[in-house]
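Just below is one structure, and these are the notes that go with it.
The values are calculated or read from the model by the stated rules, or taken from the named source; none is laboratory data. Not measured: the values here are computed from a predicted model. Cβ coordinates were reconstructed from backbone atoms using ideal geometry, including for glycine residues, and neighbour counts include every protein chain displayed. Just the protein is used for accessible areas: all its heavy atoms, side chains included, with ligands, DNA and RNA removed. Shrake-Rupley method; radii C 1.70, N 1.55, O 1.52, S 1.80 Å.
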Amino acid sequence: MLSGQHLITSYRNGKATPHKLEIKNSTLDLSSNLIQLFENSKGLKRFEIEEEVKAYNVKQITPKVIQGMAKILFHRSTFSEYDDEDPQEIRQDVFTASAIYWRQLSETNVLFTEHKKKILGSINRDTPETINDTESWLFGDMVNNRKLESFEGITPEELIHRFNIEQVQGLLLYSQKLELTFSRQQNAAFRQMMQYLKFFQLMFDIKNMDENNVTLLIDGPSSVLENSRSYGLEIAQFFPAILLLTVPWRLIAELKVPGRHRRFKLEITDQNPYKTFYQEKGIWKRNKIQNLVDRFNQKYGEDCQANLLQDIITLQNNRYLIPDFNMQSSTKNSREIQIEWIQYVTKAKIKWLQQIRSELPDNYVFAIKGKRARLGKLMDCMGKNILMFSNELTAPALKKKMDEFDSE
């Protein structure tokens with residue numbers, strides 16, 4: 001997504017307004033020409049494409065727009081990898097041979113190409129024929145020297161919409177907190193939003209809920225105890241999902257932008273020009289969760305099974321549990337265990353877990369990544385209803401937790 005130098009934002013009266021491109025002839029021509037540039041650049045090195053982009057000028061369009069669009073197109077590009085030999089070892093051999101050659105050189109009136117042939121001929125490697133090939137051979141591991149192999153197509157209109165959305169996403173990386181209010185005129189809207197929040201692993205609380213509206217408070221990256229940058233990316237990726245809502249909504253994000261002393265607010269409603277590139281396709285589940293369920297069933301499938309869930313369990317005071325999957329073995333005393341995987345932890349989330357402990361179903365387990373030394377009090381409070389892991393949540397760890405319940 002766009003960030004840093006590619007963001008174009010107006011800051012006035014405490015409000016942050018991201019730049020938006022209109023769908024008109026000039027912007028359509030620009031996006032079409034840039035797409036064509038990438039489609040015609042297969043086989044070129046990355047730095048060569050970057051030079052062409054820098055040389056591209058359009059009247060009345062800021063270069064930041066061109067560079068931002070190009071960055072989006074670079075993300076849709078696949079560049080070659082250097083697989084044959086280690087360029088670092090090649091460079092070491094060549095530079096060593098070159099130093100020896102120049103120390104022993106007796107003739108000074110020799111063409112450069114002859115020097116090159118003699119230096120490369122002195123090392124025990126297959127060497128390229130041309131200067132360009134030599135550059136790729138020596139520096140093929142550097143990103144700018146990799147060649148464009150394929151480009152994922154996009155229409156000019158889609159590129160404009162993607163540019164506009166990524167301007168918002170870049171600002172959301174600086175969010176301190178978000179407040180999302182949406183209408184309850186459709187019963188499915190609440191469940192839909194719960195699934196999105198769970199999919200993007202966001203920490204939230206329900207500020208208010210009545211028969212008309214729901215207001216959610218979503219923690220920003222600065223609230224997360226670990227991996228705040230990663231959590232910020234989840235916040236940004238959440239925005240296009242909000243655009244899928246078909247009920248009235250309003251998003252207010254409080255921003256702390258680097259280099260600016262005061263805080264700003266970003267406000268967007270359903271009456272906006274943005275067009276999401278996400279599609280609504282049934283239940284949203286991360287591949288990471290699906291892969292874990294698959295590994296569990298492959299390893300223990302004869303004795304027990306894990307299955308994805310889409311349940312929402314209602315607690316008191318507008319609190320909810322959203323389990324990811326359940327586990328159940330075929331033993332006589334087996335009980336179903338529901339697992340909710342929490343990948344980011346905030347102080348507010350720890351407090352929330354402690355508050356709902358007395359309401360927690362006996363068979364409900366939170367799988368939490370974190371350090372035991374930091375979360376010791378939470379572990380004491382939650383008892384068997386917590387599964388701590390330090391690196392990756394694994395199938396054996398889940399099976400061990402299930403055996404703990406079965407042994408009671």
**Message:** I'm checking my understanding of the structure. Among residues of the range 246-268 that are part of a strand (DSSP E or B) and not hydrophobic (A, V, I, L, M, F, W, C), which one is least open to solvent (accessible area, probe 1.4 Å)?
**Reply:** Glu254
**Prompt:** Right, Ile356: part of a helix (DSSP H, G or I) and open to solvent by less than 20 Å² (accessible area, probe 1.4 Å) or not?
**Reply:** yes
**Request:** Might you let me know whether the range 312-335 holds any residue that is among the acidic types (Asp, Glu), at pLDDT 90 or above and either within 20 Å of Phe405 (Cα to Cα) or in contact with a Cys (Cβ under 8 Å, 6 or more places away or on another chain) (or both)?
**Result:** yes
**Request:** Look at the range 229-245 and say how many of its residues are surrounded by 16 or more Cβ atoms within 10 Å (Cβ to Cβ) and either more than 19 Å from the chain's Cα centre (by Cα) or of a type in the set (A, V, I, L, M, F, W, C) (or both).
**Result:** 9
**Fill in**
Being over 28 Å from Lys347 (Cα atoms), open to solvent by 60 Å² or more (accessible area, probe 1.4 Å) and either modelled with pLDDT under 90 or in a helix (DSSP H, G or I) (or both) narrows Lys281, Lys288, Lys275 down to just Lys281
**Message:** Which numbered condition in (1) hydroxyl-bearing (Ser, Thr, Tyr); (2) touching a helix residue (DSSP H, G or I) at 6+ places or on another chain (Cβ under 6 Å); (3) under 27 Å from Ile154 (Cα atoms) is the only one that Thr269 fails?
**Reply:** (2)
**Request:** Evaluate the range 298-314: report whether one residue or more is under 30 Å from Pro248 (Cβ atoms), open to solvent by less than 60 Å² (accessible area, probe 1.4 Å) and under 24 Å from the mean Cα position of the chain (by Cα).
**Result:** yes
**Item:** Residue pairs meeting the criteria (Cβ under 9 Å; at least 6 apart or on separate chains; first in a helix (DSSP H, G or I), in the range 382-408; second among the small types (Gly, Ala, Ser) and open to solvent by less than 10 Å² (accessible area, probe 1.4 Å))
**Value:** Ala395/Ala306; Ala397/Ala367; Leu398/Ala306; Leu398/Ala367; Lys401/Ala367
**Request:** Check whether at least one residue in the range 376-397 is in contact with a Gly (Cβ under 6 Å, 6 or more places away or on another chain), at negative phi, open to solvent by less than 20 Å² (accessible area, probe 1.4 Å) and not aromatic (Phe, Trp, Tyr), and report yes or no.
**Result:** no
**Prompt:** Just a yes or no: is a residue in the range 363-376 in a loop (DSSP other than H, G, I, E, B), modelled with pLDDT of 90 or more and out of contact with any Cys (no Cβ under 7 Å at 6 or more places or on another chain)?
**Reply:** yes
**Message:** Checking Ile119 against (1) modelled with pLDDT under 80; (2) open to solvent by 30 Å² or more (accessible area, probe 1.4 Å); (3) not in a loop (DSSP other than H, G, I, E, B), only one condition comes out false. Which one?
**Reply:** (2)
**Item:** Hits in the range 203-228 - residues which are in contact (Cβ under 8 Å) with a residue 60 or more places away in the chain, surrounded by fewer than 18 Cβ atoms within 10 Å (Cβ to Cβ) and under 26 Å from Asn391 (Cα atoms)
**Value:** Leu225, Glu226, Asn227
